[in-house]
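**Q** Mind looking over this structure? Questions follow.
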Amino acid sequence: MLHKWEGIVLKARAYGESNKIVTLMTREAGKVACMARGAKKPTSRLAGVTQTFMHGSFLVQRTSGMGTLQQGEHFNSMRHIQTDIVATAYASYIVEIVDRLVEEGRPEPYAFDILIQALNAIEEGYDPEAITLFVDWKMLPFAGIQPILHACAGCGAVEGEFAFSFTQGGFICHRCFHLDPYIIRLSPTQLKLIRMFYTVPIEQVGKLELKPQTKQFIKKIVTTIYEEQTGIRLKSRNFIEQLERTPLLQREKKEEE
Ligand SMILES: [Zn+2]
């Protein structure tokens, strides 16, 4: 059967002399791996469209098992993401987390939307670090985690001082601080921001201007959730951390622009 899917290339790895196995996140069929014959050859018509981050329309022949990519046509080659090292680092993290958390074999339109919105936002020049935080929080349910952020996870109160508790799985109020000796106290602004990342659409996140310390703080919480509760540590996180440790490189980049 021949399928026409809208998709984004999550990854492409070499297979044999000239082929690639391409993992697509499609709108219609969810995550799908397919064989792209000859795509490793620069002259192949599949060479361009099978690059990571490519957003396009893909014609896949599949009966059972792995399909074969017949044809592809790109909508957006994500040029900024392909060429800007900081954008590449964050976008790599985003495609990796989607690849790790989404299972093959069923449509996942919500995950597809998060992915396409996030990549488009980075491509358009929004703060890639804030966009990546958005993806981290939004993808938690795909890791089986539903943090309790609308009220206290201990008693259900909505007023009071709040902290984040890893053991209680979300916010707890000052009346419940005794439940967890390792709470992370939150200011009202931090509380609001975390809620936003988890609930609001990406356009609102993209427009936020966040201080580096604020992003670091919120990132530390969400990264700890992933690492402690799912054991997931993404390879591309290392690359981002390396970039963050070289502020000079980033400053030089900004001056060039
Ligand atoms: Zn409480």
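**Q** Among the residues of the stretch 155-201, write down those that are surrounded by 19 or more Cβ atoms within 10 Å (Cβ to Cβ), among the hydrophobic types (A, V, I, L, M, F, W, C) and either within 19 Å of residue 227 (Cβ to Cβ) or away from the ligand (no atom under 13 Å from the Cβ) (or both).
**A** Within the stretch 155-201, the first condition is being surrounded by 19 or more Cβ atoms within 10 Å (Cβ to Cβ), and the residues that meet it are 162-165, 170-173, 176, 183, 186, 193-194, 197-198.
Filter again for among the hydrophobic types (A, V, I, L, M, F, W, C), leaving 162-164, 171-173, 176, 183, 186, 193-194, 197.
Those that are surrounded by 19 or more Cβ atoms within 10 Å (Cβ to Cβ), among the hydrophobic types (A, V, I, L, M, F, W, C) and either within 19 Å of residue 227 (Cβ to Cβ) or away from the ligand (no atom under 13 Å from the Cβ) (or both): 164, 183, 186, 193, 194, 197.
**Q** Among the residues in the stretch 213-223, are any surrounded by fewer than 20 Cβ atoms within 10 Å (Cβ to Cβ), assigned to a helix (DSSP H, G or I) and within 16 Å of the ligand (Cβ to nearest atom)?
**A** No - not one qualifying residue is present in the stretch 213-223.
**Q** While we're looking at this one, here's another question. What's the total number of residues in the stretch 147-179 that are touching a residue at least 24 places away in the same chain (Cβ under 8 Å) and among the aliphatic types (A, V, I, L, M)?
**A** Within the stretch 147-179, residues that are touching a residue at least 24 places away in the same chain (Cβ under 8 Å) and among the aliphatic types (A, V, I, L, M) number 2.
**Q** Considering only the stretch 224-243, state which residues are surrounded by fewer than 16 Cβ atoms within 10 Å (Cβ to Cβ) and either more than 24 Å from residue 101 (Cα to Cα) or of a type in the set (S, T, N, Q) (or both).
**A** 224, 229, 230, 238, 242
**Q** While we're on this one: Inside the stretch 139-154, can you point out the residues that are away from the ligand (no atom under 16 Å from the Cβ) and surrounded by fewer than 22 Cβ atoms within 10 Å (Cβ to Cβ)? Can you show your working first?
**A** Filtering the stretch 139-154 down to residues away from the ligand (no atom under 16 Å from the Cβ) leaves 139-146.
The answer is 140, 141, 142, 143, 144, 145, 146.
**Q** State whether the residues of the stretch 67-75 include one that is crowded, with 18+ Cβ neighbours inside 10 Å and touching a Cys at 6+ places or on another chain (Cβ under 7 Å). Quick ask: steps written out before the conclusion?
**A** The initial filter retains those residues of the stretch 67-75 that are crowded, with 18+ Cβ neighbours inside 10 Å, namely 67, 69, 72.
Filter again for touching a Cys at 6+ places or on another chain (Cβ under 7 Å), leaving 67, 69.
Yes - at least one qualifying residue is present in the stretch 67-75.
**Q** Between 49, 32, 60, which is touching a Cys at 6+ places or on another chain (Cβ under 7 Å) and buried (at least 18 other Cβ atoms within 10 Å of the Cβ)? Before you say what the answer is, go through the steps one by one.
**A** On the way: 49 fails: touching a Cys at 6+ places or on another chain (Cβ under 7 Å); 32 fails: touching a Cys at 6+ places or on another chain (Cβ under 7 Å).
Unique residue meeting the criteria: 60.
Only the coordinates and a few stated rules stand behind these numbers; no lab work does. What you see is a predicted model, and the numbers here were worked out from it, not measured in a lab. Please note: Cβ atoms are built from the backbone with ideal geometry, for glycine as well, and neighbour counts cover all protein chains shown.
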